[in-house]
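Participant: Before we start, here is the structure in question, set down as structure tokens.
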């Protein structure tokens, strides 16, 4: 039974860095079977690199906020992901202790953590808080994560028979050590700010953003606490039908809104090297409209090998709500990775894809840090999305009471 959480995927991101180079002209050693044509792309900022940190949720959430600033004002701003990580960790530790350790105190998180920190503490530009103070050029958080967990577990052992009033101050001191002191004041473009005043100038409010999903085990159109280990904040997600969730993604992109995307990328159909994510139809009964005779002539082993070779466009499964639910219930769809959907595209056969901005850097990657997820993959492997509420149709907003 597969159980891979967002933090695990994010922490090994540095080991999954691309093995090929350049965006448009792939090296000869890689057979570029898929040729994509972008249909619609929304304005967004550059691809970042979370490296060896389990903070994809912050990178995708900040990516959405940066795209929102760009959409609303035309202003390109590089926001600090690590400021969000720092304050989320601090809040998470308080809740962990209050719950006697019955909470997931780790690097993972969700989009609503970003807006929660923004509303309570503010925002900071990357130039004022990069979170790189331990002698590494890129984010490397393995030791920090272990130390923070060990420290908080030591507090829970309650060796003094009661908690000291300074334990949380000590936790924040560790955050200062690993990520840098809290930036109470900083200068940006010649002007002095606090995190709150800088956030106010960006013109964003957490109440404008909504998290959505599509599952059968909860009522439609109701907000609920999505059952994800990294949802330490117990934030609410609205439940739609699968059709409505996909409609919301499409409408958002069409109208210029980026979409934060939480998904499972641990499947064999996800290939970072090839820059594509698909859900191959391994059952011959799903091969309608293809060269069916050719596929039927292959043995099951040959068919499976061909499906996951990424050397040609293959037929994909037809995704149903029941398939989504079963995969979620069986832990086959897990909360692996946070990304940003920034466009739609088609392959040379006219099949639909979504252009996804990742946070694994751009070096030597076939699409310079982006990949293309098929319609079937997004339908099947989406845990949740987050969008500006105005990106949602009036009909759906009315159904969920917004």
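Participant: Would you check which residues across the stretch 200-214 are surrounded by 14 or more Cβ atoms within 10 Å (Cβ to Cβ), outside any helix (DSSP H, G or I) and either out of contact with any strand residue (DSSP E or B) (no Cβ under 8 Å at 6 or more places or on another chain) or free of Cβ contacts under 8 Å to residues at least 60 places away in the same chain (or both) and list them?
Facilitator: 204
Participant: Tell me which residues, restricted to the stretch 110-122, are on the phi < 0 side of the Ramachandran plot and buried (at least 19 other Cβ atoms within 10 Å of the Cβ).
Facilitator: 110, 111, 112, 113, 114, 115, 116, 117, 118, 121 - these are the residues of the stretch 110-122 that are on the phi < 0 side of the Ramachandran plot and buried (at least 19 other Cβ atoms within 10 Å of the Cβ).
Participant: How many residues does the stretch 350-364 hold that are at pLDDT 95 or above, surrounded by fewer than 24 Cβ atoms within 10 Å (Cβ to Cβ) and outside any strand (DSSP E or B)?
Facilitator: The qualifying residues number 4.
Participant: In this structure, does residue 175 turn out to be in contact (Cβ under 8 Å) with a residue 24 or more places away in the chain, farther than 26 Å from residue 227 by Cβ and in a loop (DSSP other than H, G, I, E, B)?
Facilitator: So residue 175 does not fit the description; no.
Conditions tested, residue by residue: (1) closer than 30 Å to residue 331 by Cα; (2) in a loop (DSSP other than H, G, I, E, B); (3) in contact (Cβ under 8 Å) with a residue 60 or more places away in the chain; (4) in contact with a helix residue (DSSP H, G or I) (Cβ under 9 Å, 6 or more places away or on another chain).
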residue	(1), (2), (3), (4)
137	no, yes, no, no
155	no, no, no, yes
159	no, yes, no, no
164	no, yes, no, yes
169	no, no, no, no
198	no, no, yes, no
216	yes, yes, yes, yes
230	yes, yes, yes, yes
251	yes, no, yes, yes
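Participant: In this structure, is residue 186 over 19 Å from the mean Cα position of the chain (by Cα) and either within 30 Å of residue 400 (Cα to Cα) or surrounded by 16 or more Cβ atoms within 10 Å (Cβ to Cβ) (or both)?
Facilitator: In short, yes.
Participant: Same structure, new question: Restricting the stretch 273-313 to residues that are touching a strand residue (DSSP E or B) at 6+ places or on another chain (Cβ under 7 Å) and modelled with pLDDT of 90 or more, which is farthest from residue 369 (Cα to Cα)?
Facilitator: Only one residue tops the list, namely 280.
Participant: Which of the helices (runs of 4 or more DSSP H) contained wholly in the stretch 1-103 include at least 1 residues that are at pLDDT below 95 and surrounded by 17 or more Cβ atoms within 10 Å (Cβ to Cβ)?
Facilitator: Qualifying helices (runs of 4 or more DSSP H): 6-11.
Participant: Could you tell me how many of the residues in the stretch 377-402 are closer than 18 Å to residue 357 by Cα and assigned to a helix (DSSP H, G or I)?
Facilitator: 4
Participant: Filter the stretch 304-334 for residues that are surrounded by 17 or more Cβ atoms within 10 Å (Cβ to Cβ), free of Cβ contacts under 8 Å to residues at least 40 places away in the same chain and not in a helix (DSSP H, G or I) and give the result.
Facilitator: Answer for the stretch 304-334, where residues must be surrounded by 17 or more Cβ atoms within 10 Å (Cβ to Cβ), free of Cβ contacts under 8 Å to residues at least 40 places away in the same chain and not in a helix (DSSP H, G or I): 314, 315.
The values are calculated or read from the model by the stated rules, or taken from the named source; none is laboratory data. This is a predicted model, so every value here is computed, not measured. No Cβ is skipped: glycine too gets one built from the backbone with ideal geometry, and neighbour counts run over all protein chains shown.
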